[in-house]
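To start, the structure itself, in structure tokens.
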Amino acid sequence: MNSLTNNANVPTSDANTANNESTETASISKAARPVPNISYRFDFERFFEHLVDVSLTFTTNVDAPNLWLPAWIPGSYLMREFARNITAVHYQVMDDDNKSAEMHRAIKTDKHTWQLPQVKAAQTINVHYEVYCYDLSVRTAYVDQQRLYGNFTSLALAVDGQEQTPVQVSLIVPAAFWADKQESHVLLSCGLDATQLRLDEQQEDEQKEDGQYSYELQANSYHELIDYPFEIAEQDTFDFIVQDHAHQTLPHRFYLSGKHNANMGRLQQDVTQICQTYLDWLGEAPFNEYTFMTFASGQDYGGLEHINSTSLITPRRDLPSIDEPKVPSSDYQRFLGLCSHEYFHAWWVKTVRPDVMLEVDLRREAFTPLLWVFEGFTSYIDDFMLQASGVIDKPSYLKLLAEQVNRYYQTPGRAYQSIAESSFDAWIKLYRNDENTGNAGISYYNKGALVALCLDLTLLEKSNGRYRLFDVVKAFYSQATQNDNRRIGISSADMAKVVGQFMSLADWQEFERRYVNGVDELPIEALLTANGIKMRTNTKETADKYVPWGMRCHETPAGLKVNRVTRDSVAAKAGISAHDVIVAIDGIKADTKQLASLSTAEHDVECYLFRRDELMCVSVLPKAALSSGQQQGMTEKTFPHKVSLHLAKTDPVLDDNGDRLPLPAGWQTWLNIMERQQV
């Protein structure tokens, strides 16, 4: 057995130095950790079949111990039921010579728990099972000939009652995985320190092939282990550092796998600026080093935060091109916003979190009305920090904000579900969209971002420019750093206490009553106007242009397939429903052009459609539906004209080089977090 390399996530600019420094760092880290009593071995030999063979060895403290697997992963609030990917669990009791005896089949006692009835306390057990890994999202695990990716929440069974015991992990990668790959580019990305070992043919285990590798990791507990996803694949990487207020350097490493042609230099420059801006604002970080793990795909998109890393998946078109313009393209802005969003979660979810998630049981839901605080604040701050860092300009930021505003106005469910209710119901609604979702509710990401905007501008107003949302976040983070574990769980009452430090408690209670627990329309336009931002309405591009009759549909060979019908819309009043297939409109074969031409027809329109396999005919009244003042008001509220946001005092002015000139000082109150009486 020959140790070849390295701690996977210690950034350095010199490859040889990296190996030496990282090996030293790994050994120091291991020396500081307790001796593990539980060990996992994940064998990827069957990667072609998307299977991982897992061996778990431990000494039990009780008779008939139980093993369990989480049902959800922190940061994604849906019961994922990871146990469904485990085939069967078998176990062997070790004898005094550490030789395994008869194989037993574990008994399943509920949907994610297995019992080992033949086991007595103090015995050492070997457990064996396989996991099917073919989910490309950042929440579970994915294994094929290109990449080995996993979250331990979906791979590692926990020993009930021994979750705080130190654990050792071996990731066994077969020689066949290196076929057709540049071996030097096959890297492990993970927030945990790791040592890479080569397993030779001469070792005792005759099943090993020359060229097989093992990556060794260690965690202080099961709960720590599951906060560190990993990926083994051909990856491009770069390192950078940021500094905190004490001038301590924090190493960062960025990994990128998948097929791409990204401008890595531009990406490094922009991500560095964003991360440094967070440190300039918050002063310090809850981590000593940080790892970005990114997979480039065709259409997939998402991210998940972890204690000192984030796992991202992005369409490759969202990565910067070789000739990326100075002001990033809208696609690239989306990826930078994702990086910003997940990075901020290290402070605002992993450190400051809802109280119910401070000591959370991953076998059952953790209901809270505060997800709007954590995801909403983050969804506001992520784009804000792109312009605060200078990565995008202020007009680009206003365009991103306008997209949030338009999405909010185009969701009629905002009048029926509060943002607190949206948070509480995340477990049963957010990740289970259907044709009625937009009619019945609102996203705590979308409305949460705009509630955060309104709270930020309200704080500025009530404090005469002294305080804002960023002070609220920093106050909570400061509380967390004073605890031994540097974490804090907060409740709605805590929100009142902290926000009450920056504006009157009565003002906060009124804000909370109307916009958090209530469904009052957010005062977005009034607040933006007071801060020098003008909201413009495009009267030519009405909602009817995009959702005629209040329904969204697409063309199919059979006709127009209705995807969604908006509450109180023309289509809803006529009796058209989601999943209907419209075959003819006014006697002409239905298509999008025909529908658009009759979206505001003066006469009644005869519409033939199939519902399931039954032909129906309905009469649509485009103009009659708008003749009612009450209906018109609802239509305008539900489908406003498309809005855009602009700096009110002046249009952008360019210098001779085409660069934008600085904005008048008045804009800085809101758009620059550093120019306030208290920083």
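The numbers here are math on the coordinates, done by the rules we state, and not lab data. Not measured: the values here are computed from a predicted model. We place every Cβ from the backbone using ideal geometry, glycine too, and count neighbours over all the protein chains shown.
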* If Lys and Arg each add +1 and Asp and Glu each add -1, what is the summed charge of the other residues whose beta carbon sits under 14 Å from the beta carbon of Ser257? -> 0
* Which distance in nm do the two modelled labels at His579 and Asp63 give, with both placed 7 Å along the Cα-to-Cβ direction? -> 5.3
* Could you state the angle between the C-alpha long axis of helix 469-481 and the longest principal axis of the C-alpha atoms of the chain, as a value from 0 to 90 degrees rounded to the nearest 10? => 20
* To do: Give me the distance between the Cα centres of region 66-94 and region 427-505, rounded to whole Å.
  => 33
* **Assigned charges on the beta-carbon of Lys, Arg, Asp, Glu; the chain dipole about Cα centre (debye)** => 2440
* To do: For each pair in Lys462/Lys534; Lys259/Lys474; Lys394/Lys447; Lys447/Lys497; Lys259/Lys326, compute the distance between the two Cα atoms and list the pairs where it is over 27 Å.
  => Lys259/Lys474
* To do: Could you check the simple spin-label distance between Gln509 and Glu521, using points 7 Å along Cα→Cβ, in nm with one decimal?
  => 2.8
* Structure fact -> Net charge near Leu560 (other residues with Cβ under 11 Å of its Cβ; Lys, Arg +1; Asp, Glu -1) is +1
* Structure fact -> Ordering 604-612, 420-428 by per-residue average of other C-beta atoms within 10 angstrom, highest first, gives 420-428, 604-612
* Structure fact -> Least to most buried among Tyr416, Tyr408, by other C-beta atoms within 10 Å and fewest first, runs Tyr416, Tyr408
* Residue among Gln276, His252, Met264 farthest towards the positive dipole end of region 211-281, charges placed on Cβ -> Met264
* So how do Glu512, Glu102 line up by other beta-carbon neighbours within 10 Å, fewest first? -> Glu102, Glu512
* Asked: If you keep only loop residues by DSSP, which trypsin sites (Lys or Arg not before Pro) in region 430-507 have at most 12 other Cβ atoms within 10 Å of their Cβ?
  -> Arg432, Arg486
* **Local electrostatic count, Phe502, Cβ distance below 9 Å [Lys/Arg +1, Asp/Glu -1]** => +2
* With a cut-off of at most 10 other beta carbons within 10 Å, and DSSP calling the residue loop, which trypsin sites (Lys or Arg not before Pro) in region 253-362 qualify? Please list them. => Lys259, Lys326
* Asked: With each pseudo-label sitting 7 Å past Cα toward Cβ, what's the Gln145-Glu614 distance in nm, one decimal?
  -> 5.1
* To do: Rounded to the nearest 10 degrees, what's the angle between the helix 264-282 long axis and the longest principal axis of the chain, both from Cα atoms, 0 to 90?
  => 80
* **Difference of contour (0.36 nm per residue) and Cα-Cα distance, Ile588 to Gln243** => 117.6 nm
* To do: Give me the percent of DSSP beta bridges within the chain that run antiparallel, rounded to the nearest 5.
  => 80
* Asked: Mind checking the angle between helix 394-409 and the chain's longest principal axis? C-alpha axes, 0 to 90 degrees, to the nearest 10.
  -> 80
* **Whole-Å distance, taken between Cα centres, linking region 347-364 and region 568-601** => 47
* Stick to the Cα atoms of region 542-599, pair each with every other, and give me the Kirkwood hydrodynamic radius in Å at one decimal. => 11.2
* Theoretical gain in end-to-end length, Ile428 to Asn261 [0.36 nm per residue, Cα-Cα removed] -> 56.2 nm
* Asked: What value, in deg cm²/dmol to 500, does the helix sum -39500 (n - 2.57) over DSSP H runs of n ≥ 4 give at 222 nm once divided by the residues of the chain?
  -> -7500 deg cm²/dmol
